[in-house]
Amino acid sequence: MRKFSLDILLFATMLYLMCYRFVPRFPHELLGTLILIMLGIHIYWDRKAFRWNFLNSILILTFAISIVSGILLSHELFRDLIDGAFRKNILVHKLHSSIPYFAMIFSGFHLGKNLWFKLPIPICGILIASGIWGSIQNSLLNHLIFERVHHAERHPDFSIELFLSILTMYLMFVAIGYLWKIRRRLRS
């Protein structure tokens with residue numbers, strides 16, 4: 001039960017962090033730092049089943065780059081510990097605005113490959129179709145090619161459209177990961 005709770009907490013935290021446009025900086029930085037602890041606990045609890053493979057390696061790498069670049073850009077939590085020149089460095093900005101999308105993609109695959117329940121194929125199709133909409137709404141391709149995406153800096157109010165577009169995009173990668181897991185069954 002505690003592992004399931006942590007998985008839900010990691011999913012919700014990642015979703016919250018991806019909604020950065022309407023999240024105040026301090027909670028974004030705090031949760032971005034706390035996710036490191038949650039990931040450490042997640043890996044520790046799964047240490048017997050943990051395997052170093054491509055997916056797990058790239059997942060750890062993308063989270064590490066996201067967290068380190070976030071710390072270097074910190075305006076609140078680590079402001080006094082980090083040289084302000086990093087906050088002006090365009091490479092650090094590009095890393096922090098693009099790599100979390102890779103982390104979301106790979107964590108979605110990871111979650112889909114490790115789902116403990118069956119996901120009906122038509123539901124996977126719906127999740128993928130809605131995720132395509134979310135990907136277009138969030139300029140996913142632009143983020144993945146490290147192109148600067150111009151959004152309003154921060155929204156003071158919650159945007160249900162932004163939240164749903166990120167949720168559907170995330171769930172699309174969960175569905176793809178799940179379909180990858182059951183691909184042998186689909187071939188027969």
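None of the figures in this text is laboratory data; all of them are computed from the coordinates on show. Given the structure is predicted, the values throughout are model-derived calculations rather than measurements. For neighbour counting, all protein chains shown are included, and Cβ atoms are generated from backbone atoms with ideal geometry for every residue, glycine included.
Summary table below
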{"item": "Between the range 158-172 and the range 107-145, the alpha-carbon center distance in angstrom", "result": "11 Å"}
{"item": "Cross-link reach list, lysines versus residue 113, counting only Cα pairs under 30 Å and skipping chain neighbours closer than eight places", "result": "3, 48, 94, 181"}
{"item": "Set of lysines near residue 88 by C-alpha distance (under 19 Å), chain-local residues within fewer than 8 positions excluded", "result": "none"}
{"item": "Length added when fully stretched, residue 94-residue 4, from 0.36 nm per residue minus Cα-Cα", "result": "29.1 nm"}
{"item": "Fewest-first sequence of 71, 132, 90 by Cβ atoms within 10 Å of each Cβ", "result": "90, 132, 71"}
{"item": "Pair residue 79, residue 139: separation of 7 Å Cα→Cβ label points (nm)", "result": "2.7 nm"}
{"item": "Two-site label geometry, residue 53 and residue 13: point separation in nm, points 7 Å out along Cα→Cβ", "result": "2.4 nm"}
{"item": "Residues 99, 65, sorted so that the one with the fewest Cβ neighbours within 10 Å comes first", "result": "65, 99"}
{"item": "For the range 41-56, Karplus couplings with θ = phi - 60° (6.51, -1.76, 1.60), whole Hz, Gly/Pro x", "result": "5, 4, 5, 4, 5, 9, 4, 6, 9, 5, 10, 7, 9, 4, 4, 5"}
{"item": "Choice from 72, 15, 141 with maximal GNM fluctuation in the chain (Cα, 10 Å cutoff)", "result": "141"}
{"item": "For Kirkwood radius over Cα pairs in Å, calculated from these coordinates, the label among (1) 17.4; (2) 18.3; (3) 16.4", "result": "(1)"}
{"item": "Residue order, fewest to most beta carbons within 10 Å, for 116, 133", "result": "116, 133"}
{"item": "Cα-projected label distance for residue 118 with residue 22, points at 7 Å along beta-carbon direction, nm", "result": "3.7 nm"}
